[in-house]
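Notes follow the structure.
The values are calculated or read from the model by the stated rules, or taken from the named source; none is laboratory data. Note that this is a predicted model, so its numbers are computed, not measured. Note: ideal-geometry Cβ built from the backbone for every residue, glycine included; neighbour counts use all protein chains shown. The area values use the complete protein model at the heavy-atom level, side chains included, leaving out ligands, DNA and RNA. Shrake-Rupley method; radii C 1.70, N 1.55, O 1.52, S 1.80 Å.
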Amino acid sequence: MSIWARIGEFVTSVTLNAISSVIEAVQTVFEGDADTRRRVAFSIAMIALSAKMAKADGVVTQEEIRAFYNIFSVPERERTHVARLYDLAKQDVAGFESYARQLARLCSEGQSDCHLLEDILDGLFHIATADGYVHDKEMAFLSSVAGIFGFDEERFKRIALRHVADSEGDPFAILGLDRNVSFEEARKRYRALVKEHHPDRLVAQGLPLEFITIANNRLAAINAAWASIEKQLEAA
């Protein structure tokens, strides 16, 4: 049974008057099935954060809604249930911190190296950029979520640059490299990042299939940055 079918069953089996009651209900409904509980909780919390982030600038656009469904390939028969959760969450931006903290706790359960938090932040950036511009309030929202996830300013900047280029569009910053780096060191860093973030490896470590689009987009950004760096270093 797909994760969306499980979420559909969950939504129809419990009374959800506010998004704040959702995660607590998940813990009860899926008690005894830790893997499903974790995947459902992650997906629902991501729905909540996506909606709240889209609302951060005061307007939820059709582009942002389409971007959400681009990340989450939700079957048509399950969209009503997802839309209900999304609508509950997008009422305002208050309370997003609690969902970010819940995600951070869920990610740390039994894992020493959890990539899902970076996947989630990448997904939120994907939605934020859907209307062509990341508003100041959206960037503040994303920065706050990153802080709750435990990302320092440098890591947050690297993630942001995969989606919103700075004035120079610096590929070195995307890969976390100094501009004076040697070709061999740069290539070593690139290969390590590809290994770390390759979708196949992340799936093997437990990445939900719902996040594959995000992982593929991140790898594409890493590859594009390396292509630019390789060209510059070989010409030097």
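Peptides 187-195, 81-89, 153-161 ranked from most to least packed give 81-89, 153-161, 187-195, packing being the mean of other C-beta atoms within 10 angstrom over each peptide's residues.
Rolling a 1.4 Å probe over the protein heavy atoms of the chain, with every protein chain left in place, gives an accessible area that is 48 percent carbon and sulfur. For residue 233 and residue 79, the difference between the fully extended length at 0.36 nm per residue and the C-alpha to C-alpha distance is 50.7 nm. Using Cα atoms only, what is the angle between the long axis of helix 183-197 and the major principal axis of the chain, expressed in degrees (0 to 90) to the nearest 10? Long axis of 183-197 versus the principal axis of the chain: about 10 degrees. In the full protein context, the chain carries 48 Å² of accessible surface per residue, based on a 1.4 Å probe and ignoring ligands, DNA and RNA. Taking every DSSP helix (H) stretch of at least 4 residues in the chain, weighting each as -39,500 (n - 2.57) and dividing the sum by the residue count yields a mean residue ellipticity at 222 nm of -21000 deg cm²/dmol.
Charged side chains reduced to their Cβ positions (Lys and Arg at +1, Asp and Glu at -1) give the chain a dipole of some 320 debye around its Cα centre.
The count of lysine pairs in the chain with alpha-carbon distances below 28 Å, taking only pairs 8 or more places apart or on different chains, stands at 14.
Each residue of the range 136-141 was assigned a 3J(HN,Hα) from its phi angle through the Karplus curve 6.51 cos²θ - 1.76 cosθ + 1.60 (θ = phi - 60°); the sequence is 4, 5, 5, 5, 5, 4 Hz, with glycine and proline shown as x. On a 0 to 90° scale, report how tilted helix 34-54 is relative to the longest principal axis of the chain, with both axes built from alpha carbons and the result rounded to the nearest 10. So the inclination is approximately 80 degrees.
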